[in-house]
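Report on one structure; see the data block that follows.
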Amino acid sequence: MIHILDPGISDSTFPILDVVPAEDFPRASHAFSLRVASWSMYPTILKGDRLIMDPPDQVQPGDIVVFPFMDTLVCHRVIGIENDIVHTQGDSVDTQDRPVRMQEVLGKVATILRGPRRFAPASAPRPSHAVLAQKKMDVFWIRLREQLTTWTLTVLAFLKRRTPVRMLAVFVLTRYVRFYLGVRVPVQSVQAYRFMPLPKVAHGGILVGPLPTDFHATSDMLIQARLGCHRLGTFHPASNTMHVRRAAAGLGLEEYFHSLNQMMQLPQPVDSR
């Protein structure tokens, strides 16, 4: 199954759900704080705030919870609970999120860190006029960037049908995309992914060369493709689930993922010396 992802802004780090799988997140939440990347919980939580989590015990309406959606985490307020279904919505968002099951909730926001200050969500101070102005400007640029991205993707989709452009894009993927293999390893009391770069052979595209000597194929493997600091897609071999960013869709990345998967299933040569 392939899910085409809308473009997002990436950084040089792996997303948290790539490093710590969702099922282990509640036990790992004490080891790190989460930085907020949007204004959807304004005015309670501001973009740039850091959050400290509590386990998702006894979730009630009014709590601010964290749950996975696609390849990221969402932090929104609980507005209702029906049996095992949790309804959430951002404080500054007009529409509800898709319902989530109670077992999908990864944690509750216990503390908000804003610079040197820390406080509970219920006692969050009212943002200043300067923060409100910053929010409006930031939202304006985000919407402008989304519109420009939409236009760019439309042009790219048109150009990808032209043979010279497609050949150039495939060349870039072949020459510069790097693949990383994530293998689950125990880290203290949780399981996390340890990523290692996969070497490329010098011919025939992006295919894996000799695997690390300590490699063992497991159902928890995750393959990730990156172009510089930008993540183009991920592939989970066990479930045959692939996520590819729209800009890279249809340029051969999907075939490369499957080639990598097939090669990693082959028995590795044994040195008889």
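So which residues in region 34-51 are touching a strand residue (DSSP E or B) at 6+ places or on another chain (Cβ under 8 Å), assigned to a loop (DSSP other than H, G, I, E, B) and of a type in the set (A, V, I, L, M, F, W, C)?
Here is the first cut: in region 34-51, the ones touching a strand residue (DSSP E or B) at 6+ places or on another chain (Cβ under 8 Å) are 34-36, 40-41, 44-46, 48-51.
When the remaining residues are screened for being assigned to a loop (DSSP other than H, G, I, E, B), the result is 36, 40-41, 44-46, 48-49.
Listed by number, the residues that qualify are Val36, Met41, Ile45, Leu46.
One line per residue, one yes/no per condition, for (1) in contact with a His (Cβ under 8 Å, 6 or more places away or on another chain); (2) in contact (Cβ under 8 Å) with a residue 60 or more places away in the chain; (3) open to solvent by less than 50 Å² (accessible area, probe 1.4 Å):
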position: Arg77; (1), (2), (3): no, no, no
position: Glu82; (1), (2), (3): no, no, no
position: His87; (1), (2), (3): no, no, yes
position: Gln96; (1), (2), (3): yes, no, no
position: Val109; (1), (2), (3): no, yes, yes
position: Arg114; (1), (2), (3): no, yes, yes
position: Arg145; (1), (2), (3): no, no, no
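I need the full set of residues from region 52-65 which are open to solvent by less than 40 Å² (accessible area, probe 1.4 Å), modelled with pLDDT of 90 or more and either part of a strand (DSSP E or B) or over 10 Å from Lys108 (Cβ atoms) (or both), in order please. Correct list: Gly62, Ile64, Val65. The single condition among (1) at pLDDT 65 or above; (2) surrounded by 14 or more Cβ atoms within 10 Å (Cβ to Cβ); (3) polar (S, T, N, Q) that Thr72 does not satisfy is (2).
For region 56-71, what are the residues that are of a type outside the set (Asp, Glu) and without any contact (Cβ under 8 Å) to a residue 60 or more places away in the chain? Within region 56-71, Pro56, Gln58, Val59, Gln60, Pro61, Gly62, Ile64, Val65, Val66, Phe67, Pro68, Phe69 meet the criteria. Filtering region 108-128 to residues that are touching a helix residue (DSSP H, G or I) at 6+ places or on another chain (Cβ under 9 Å) and more than 16 Å from Val65 (Cβ to Cβ) leaves only Pro127. Considering region 91-123, and only residues there that are acidic (Asp, Glu) and within 15 Å of Tyr42 (Cα to Cα), the residue that is modelled with the lowest pLDDT turns out to be Asp94. Can you confirm whether Val170 is open to solvent by less than 90 Å² (accessible area, probe 1.4 Å) and assigned to a helix (DSSP H, G or I)? Yes.
The values are calculated or read from the model by the stated rules, or taken from the named source; none is laboratory data. The model shown is predicted, which means the values in this text are computed figures rather than measured ones. Reconstructed Cβ throughout: ideal geometry from the backbone, glycine too, with neighbour counts over all protein chains shown. The protein model used for the area step is the full one, side chains on, heavy atoms only, and it has no ligands, DNA or RNA in it. Shrake-Rupley method; radii C 1.70, N 1.55, O 1.52, S 1.80 Å.
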